[in-house]
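Only the coordinates and a few stated rules stand behind these numbers; no lab work does. Everything numeric in this text was worked out from a predicted model, so none of it was measured. All Cβ positions, even for glycine, are placed from backbone atoms using ideal geometry, and neighbour counts span all protein chains on display.
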Amino acid sequence: MKIISNNSKTDKEDMRKIWEKIGDYFRANSIWMKWYCTGCGAIELPPTMTSRFDMERLGMGPMATPRQADVLLITGYLSSKTLRRIIYSYEQMQDPKYVVGFGSCTINGGIYYDSYATMKQLDNYLPVDLYIAGCMPRPEAVMNGFDTLISMIKKGEANGWKHYKENYDWYSRNQLHSLGEVYVKDEFHE
Amino acid sequence: MNIMNFIYAFLLLVFVFLFQTSITGINRKVMARLQRRRGPKWYQQFIDIFKAMSKSSTTHGWIFDFGVIMALGGIMATTILIPIGPFKAFADVDNIFIVSYLLAVGMLGMAMSASGSGNPWASIGVSRALTNMLAYDVPFMVLIVSFIYAFKTSSLSGFAALQQGAGILGWNFFRFPLGGIVALICLQGMLGKKPFDSFIAPAEIASGPMVEYGGRHLGMLFLLHEFSTFIEVSIIVHIFFGGGATPLEFMVKYALLYTFMNIISGVFPRFKIDQAVKFYYKVPLALAFIQGLIIIFTGLGVS
Amino acid sequence: MDFNALILFMVFSAVLSYLVSKSNIKLGAYSTILFSLISLIILFLGRNNIGNEFSLLYMNFRVTAIGWYFSLIMILIYSMTAFFNPYWMEKILYPSSYNFLYLFSLAATVGLFFAADLITLFIFWEVVVWSSTFIVPLGKSRKAAVVYFTISSIGSMATLFAIMFVYSKSGTFDINEAFKFLASEPLTATFVFFTFITAGLTKIGIFPFHIWLPLAHGNAPHTFSPVLSGGLVKMGAFIAYLSVGILPAYKAFSTSMTIMGIPFQIYLLMVLGAISIVVGTLMAIKQDDVKKLIAYSSVANGGYILIGILMMDQVTFAGSLMHIFNHAIASAAAFLTIAAIAHRTKTTKISELGGMIHKMPVSYVVYLISIISLAGIPPMGGFVSKWLIVQGLASKGLIFIAFAAFFGSIGSFLYVFRPLAGLFLGQLAPKYENIKPSTLVMKIPMVILASMSVFFGIFPKYLLETIGEIQTSIGIDPIMINGDTITTINGVLNTNKVAAIFGFGFVISLMIFLVLPKSRKVGLMDTYTSAEFIYTPELYHYANSFYAPFERLYKNHPSVEKFLGKFAVKTEELGILVNSLFFSHKPSVTVLWVMAIATLIFLGGVDI
Amino acid sequence: MTNPVLLIVVPLLLAFLSVALKNNKKQLLFIAAVFNVVGVFIIENGSYVIGGFRAPYGINLNLDAYSHLAVLVINILFLLIITMSNEKTKEFSTVLLVALAGLNGMLLTGDLFNLFVFLEIVSITGYILSTESKKYKYSFNYLILGTIGSGLYLFGLIILYAIFGSLNMADISFKMLSYDTGKLVVPIFLMFIGLAVEAKLIPFNGWVRGVYGNANSLIGSLFASVYAGTILFVFGRVFGQVLVLSEYLVAVFVAIGVITLIAGEVAAFSKNKIREILLFSSIAQSGLVALLFVTGLIFPTVLQLLNNIITKAVMFTIAGKISDDADTDEADKLKGIFANNKIIGVSFTVSALSLIGLPLFYGFYSKINLLLGLFSKINYFVAAFILLATIIEGAYFIRLLVKLWTPGEEGKESNIKFVTDRKVEFDFNKKVIAFMLSLIILLAGISPSLVKTNLFAMNKLLNEENPSYMFELKGGM
């Protein structure tokens, strides 16, 4: 098993070209999210968005489709059924794209750690750039997490999408292992 | 028509982009304040557009790309027709019918591209957008016909010139209050703002026509949106608010009107599409006919 | 070449084509292309014949500028459509008769436009009607032919009545002379005006006579629908022109009540035209069959043409004449693309198709250009003509008519987009995965017609100058055109400039597109589905009841079809009543009738 | 001068002979028909006294332009029809010979009572012919009504004789000019009923449906063409030329004509069987012709009458043959029957289109002429009714033609596989003659001057101001 370490990429920061830096500046200041609200964590997002915490002031906002979104926000536990759909959605997003695991369930299964149908660890299947721990993480924690993500993007550290491409074999093997016979790319001909 | 016209036209496009995008950003701030939020930076809209353009994208075939190019091209061509105060890139092309029909090229291009993606949400959104168009355009055009009959001109600058020099009360909005109300209601529909934004409806049909766009396509559609907003508001400013004797006057009027429309949209929920059609064919159309008949038969307010 | 030779040539070419078809079907079909093209060239080069008079048998002809213009359109449409004939010869039940009737009806239309007397006019009118009536049932509906013929004969009988009436008053059939006396008799003129124009109304498909268009255009053989819609409908416009241009309608009605400067008799018909626009638009929006959709769009466009012709002025009339041309080529091209698709897929239903753009890109582009022209969007020809029409309406302040014009214009975006989205775009069904694109011969006419739409949209002067000459020849001010700038009292239109600006915008847009990062191509099924997995492209295609919320608003509309259907049923019931009253197989009933009638008659006769 | 009485006598003689020469009946009929056709071209116009007494005291035959045209057309059509349905004539040869004599007699006679006699002869042959279909009830119906009709005719005639003391047509016509015609309503109307029963005017024509609707190719076309033509010619003679009608009666007759026209067309519209469509169309055409005769338009009426009987001869022969062979004449069961019988189909189509009155066919010429006549007489309403009838007529004929030519289900393209499996074989005679007749219709339509020159003499005579029966021969007096 291979865990992505964000720190391992820091030394590559200097290798970014100038337009990549500009691009990262834009991306950092305009984070559009696709919320994958399968778990209970989604309830914490409306307060994050509305007057009290107002995430729009950082240029963040929800988006309707993965094509438009930069961040895939997975708010809670994953089952084998939802995982397939999350992978599908992730692959429809445009590069550069980031994955944020939200709540304990995405980290280790949380209170569902002993369920046969729960995927315990998200980063076996998708390249998670950032985890926001908590059960639930409150809006303050969420905002804090996103602040971290913004600075990571600015520095060019949020490179999960590149990692996913580079290690696609490993990810797809894990995905297949958990989802059984179903092959992600071949979902249409299931 | 020579090379200078085209250079002017290009400058005009750049200007409109900068101007309108800033206004949009400011309006996002206004809207946030309306909702007691802090709101994004005033240049947030620029960031969003450039970010979208910086990302990778997917395409669903040549029509998906071509539609976007045609849409943006058509809308930019229409923008070139719009006079900014006294400034015009080309003479004699600001005819209201040319503007409104050329605007349709952009709409058609976008609709084509959206449907070309093969996503049903996009087609549903397009069907709603076109239905919406049938609703708001007809009362507005009825009004325009009676104006053309009264003023014997159909160019935007011609309408504007006729109102200048008589102060605020010389504006058509005050001379023809019924028509003014109709025009503002129709403008709300043209802009696709609430309560007439059912064709976007992000939570219901996944932002309708935009559902498959990402990356450069999305960035171009943002540009398109800015330009078309500019065209639509400018038409009303020219016809009902006296245009502008100087570009600055025009820009001020423009900014105020756009903000006003935005504020209205901030307090409304959303109509279903058939409710929108019913509404437009009841109130604004009736008012437009009444105003038209007043203009044609009594000439009240014309001279 | 003299035009009497042209008409004779066309009649004999029809017979010749029949004989050729009898020996070799394909060759016969190609001969229709050849003969109609030759006729087109002869007509086009024979413009100096304008003003000539000649006669054949008992029929008299006079070549007028407007007649020349109309026949040019007609032969153009016929000859372009003829390119499709070879591909339908195996599918049509009577191929040689089809070829014969095809060319024969063409000859008759040309005769109609050159008619110098009313009887000649009527003869060719009816010949066109019956010759095309026998082509229609070769397609998908037998009922269509009957409805087509019946509605047509309602019109032609009314017109015949008017012709006879005029003759009994004026003693001449000559078109230019017969109507002259009406100028001083407004009441008679009103009567003649309404009866005479009826044939035109039925042919253009003006409400309430519009019901035959969707039936006949929608169900005729695919190769004949373009002719019906693009060509034959325009005969009605010619009759409408005769009713206001030759019949001195404006002079005769100068004393009658006017509405916005239009005599109420003419205004009434303009209202009918306006209703046709609205009805045609609304009905077109809800059609699933593309051919019916375009047929209803013909109804709507017929409304524009009628309104423009009835105005008989400088701007609107010119716009209308130009619209006749633009609608003819655009509608024919649209029907041809549908025919090309039906040739491969055997269906014209939107809900059964989809994604055709990936298989037939040329058809798609042609269809796109034609519908842009139909909807009146620049830089196509349709824009110029619609611009002229709405300018004319606005200058007269006819807001109710203008309402219909705009409703139709914007509504046309709705209905032209429906096939675009449902048929050409969207998901491609797997069963059409292996179809081939249309053949080269089919592409020729489609491309020619589409490029004409573009050409006359950018350079309308070539058309408008001819129209100006027509206007001069019938004594109204010609349309003002200087270079490519059209000037009306309310505004100017320079199509070159608009096209250049559009091109400029397009180039900038293209540059932006090319500068930005490249895209990755994905399949049509790789779309956002709320992360649900979809397997059947057919079901994932939004084409059924495309405008469902809008259609719901008028789903309970009253319908002329139903009314006339009921009327037909009532006629049949009356027939059954007649049957049971008089033909009961019992002599006693007849004897009773004899007694009753005789008694009645005798009682009535006593007092006299 | 060749005596036209031969046209009556020779068939009658051959009829007696045919009883003796049973095996050669057919040939005798053919000989008589050919003789009559040849004879028609030989005979010259004039008044011919029969029996030695001069008119108005004796009986005479009148051969003027009108009756000459009538015998010409009727005899030719008779010959063509029996040739077309050659295979059916043997059984009825004797009757047909008598009928031929009777028909010629009706057309030629100058005496109203003589007319009654010939009418009875013709009617009796009609009753006999109608029994061919073995539907005796309908024949009996025909017999009853025909007898009542003749009786009423005779009754009216007796009253006229009592008033004027003459049976000679010309004599009565002269005497009526100076008589208050308003007082003659009863006898004239009784005579009208008598002829109307045979001429199929509503409501006196209850027999038609049963008889025409079951007639075979020979009988049907004979009835619809020759019999109907003759009776209408006679009708035109009696009510258009001989009797002077009061305005009241003209109005009544026109009303009956219009009702017959419209009701006939409407009834035909509601039918599906080919022969029923045709018979109701015949009724409507009779109404049209009758009302035009009464209006005083002779020339255009004759044109229209010719159009009707020529086209009906073709159509009834074809319809009869189809129902003989296919055991049905329901149009729905005969879809696409013409796909395998193209020549017959073309003939039928040309006839139908001509009957509707579409241009390029002869019918258009007659329609234009009758409209011109009506408009010159300011009869706008009648003209409007005729045009209305034309619309209905067009609708049902096109419906029928479309069914018979192009088989197919709604929503599917017309295809040969939908053609009915019922087989109809048309023999050579039918094909040639039907096609020839349709060619004549077409030629006469394309160049009506052919018809016009031949009818010109008549045209001139009949278009005179007073339509009374005084022209040319003055009844031989």
Under 5 Å, built H, 5+ apart or other chain: amide partners of A:Phe102: A:Ile74, A:Gly76, A:Ile132
May I ask you to list the trypsin sites (Lys or Arg not before Pro) in region D:59-139 that are in a DSSP loop and have at most 12 other Cβ atoms within 10 Å of their Cβ? D:Lys134
In degrees, nearest 10, the alpha-carbon axis of helix D:380-405 is tilted away from the dominant principal axis of the alpha carbons of chain D by 30 degrees
Checked against the positive end of the charge dipole of chain B (+1 on Cβ of Lys and Arg, -1 on Cβ of Asp and Glu, about the Cα centre), the farthest of B:Met112, B:Tyr281, B:Tyr258 is B:Tyr258
Treating only Lys and Arg (+1) and Asp and Glu (-1) as charged, each at its beta carbon, one finds that region C:1-114 has a dipole about its Cα centre, in Debye to the nearest 20, of 160 debye
Whose amide H sits under 5 Å from the amide H of C:Leu56, counting only residues 5 or more places off or on another chain, with H placed in the peptide plane? C:Phe61
Of the residues D:Thr317, D:Ala384, D:Ser286, the Cα lying farthest along the dipole of region D:270-401 towards its positive end, which is defined by charges on the beta carbon of Lys, Arg, Asp and Glu, belongs to D:Ala384
Apply the Debye scattering formula to the protein assembly as shown, with a single equal point scatterer on each alpha-carbon and no solvent, then give log10 I(q)/I(0) at q = 0.04, 0.05, 0.06 Å⁻¹. -0.35, -0.52, -0.69
For B:Lys278, give me every one of the aspartates and glutamates with a C-alpha distance below 19 angstrom, ignoring sequence neighbours fewer than eight places off in its own chain. B:Asp137, B:Asp197, C:Glu551
Compute the Cα gyration tensor for region C:82-148, then decide on rounded, prolate or oblate, letting a ≥ b ≥ c be the square roots of its eigenvalues: rounded whenever a/c is under 1.5, prolate when a/b is larger than b/c in the other cases, and oblate in all that remain. oblate
How would you classify region C:449-565 from its alpha-carbon gyration tensor, with a ≥ b ≥ c the square roots of the eigenvalues: rounded for a/c under 1.5, else prolate if a/b is greater than b/c, otherwise oblate? oblate
Please give the peptides B:32-38, B:67-73, D:100-106 ranked by average Cβ packing (other Cβ atoms within 10 Å per residue), highest first, as a rough proxy for protection. D:100-106, B:67-73, B:32-38
Most packed first (mean Cβ within 10 Å per residue), the peptides C:560-568, D:266-274 order as D:266-274, C:560-568
What nm value, rounded to one decimal, do you get for the distance between D:Ala20 and C:Phe455 when each label is placed 7 Å out toward the C-beta? 8.7 nm
Shape call for region C:563-606 from the C-alpha gyration tensor, a ≥ b ≥ c root eigenvalues: rounded (a/c under 1.5), prolate (a/b greater than b/c) or oblate? oblate
Above 36 angstrom, tally the Cα pairs of chain C and express them as a % of all pairs, no decimals. 39 percent
Efficiency of FRET between C:Ser473 and C:Asn24 - r from beta-carbon atoms, R0 45 angstrom, step 0.05: 0.50
How far apart, in nanometres, would the label points at C:His585 and B:Phe87 be if each is projected 7 angstrom from Cα along the Cα-to-Cβ direction? 9.3 nm
When the C-alpha atoms of chain D are aligned to their principal axes, what extent does each axis show, in angstrom, from largest down? 69, 57, 44
Taking the number of other C-beta atoms within 10 Å as the exposure measure, put D:Thr390, A:Thr50 in order starting with the fewest. A:Thr50, D:Thr390
What is the mean number of Cβ atoms from other protein chains located within 10 Å of the Cβ atom of each residue in peptide C:353-364, rounded to a whole number? 2
Per-residue average of other protein chain Cβ atoms inside 10 Å, peptide C:592-600 -> 4
With θ set to phi - 60° and the Karplus curve 6.51 cos²θ - 1.76 cosθ + 1.60, what are the ³J(HN,Hα) couplings of region C:321-328 in order, to the nearest whole Hz, using x for Gly and Pro? 4, 5, 5, 4, 5, 4, 5, 4
Beta bridges by DSSP in the protein assembly as shown, antiparallel share as percent, to the nearest 5: 60 percent
Amide proton proximity set for D:Ile50, modelled H, under 5 Å, gap of 5+: D:Ile59, D:Asn60, D:Leu61
Percent relative contact order of chain D, based on C-alpha pairs within less than 8 angstrom and at least six residues apart? 17 percent
Got a sec? Charge dipole of chain C, +1 on Cβ for Lys and Arg, -1 for Asp and Glu; which of C:Pro137, C:Phe165, C:Leu228 is way out at the positive end? C:Pro137
Report, in debye and to the nearest 20, how large the dipole of chain C comes out about its Cα centre when Lys and Arg carry +1 and Asp and Glu carry -1 on their Cβ. 1460 debye
Using the Cα centre as the reference, give the magnitude of the dipole from point charges on the C-beta atoms of chain D (Lys, Arg: +1; Asp, Glu: -1; all else neutral), rounded to the nearest 20 debye. 660 debye
Reachable aspartates and glutamates, given that their alpha-carbon falls under 12 Å from the alpha-carbon of D:Lys321 and they are not under 8 places away in the same chain: D:Glu87, D:Asp329, D:Glu425, D:Asp427
According to the Kirkwood expression over distinct Cα-Cα pairs, how big is the hydrodynamic radius of region A:39-190, in Å? 16.0 Å
Helical contribution to [θ] at 222 nm, DSSP H n ≥ 4, -39,500 (n - 2.57), averaged over the protein assembly as shown, rounded to 500: -21000 deg cm²/dmol
Average partner coverage of C:488-499, which counts Cβ from other chains inside 10 Å: 6
Check the straight Cα-Cα distances from B:Lys152 and name the lysines below 30 Å, setting aside those fewer than 8 residues away within the same chain. B:Lys88, B:Lys253, B:Lys282, C:Lys251, C:Lys386, C:Lys396, C:Lys461, C:Lys497
For every other residue with a beta carbon closer than 13 angstrom to the beta carbon of D:Tyr57, add +1 if it is Lys or Arg and -1 if Asp or Glu, then tell me the sum. -1
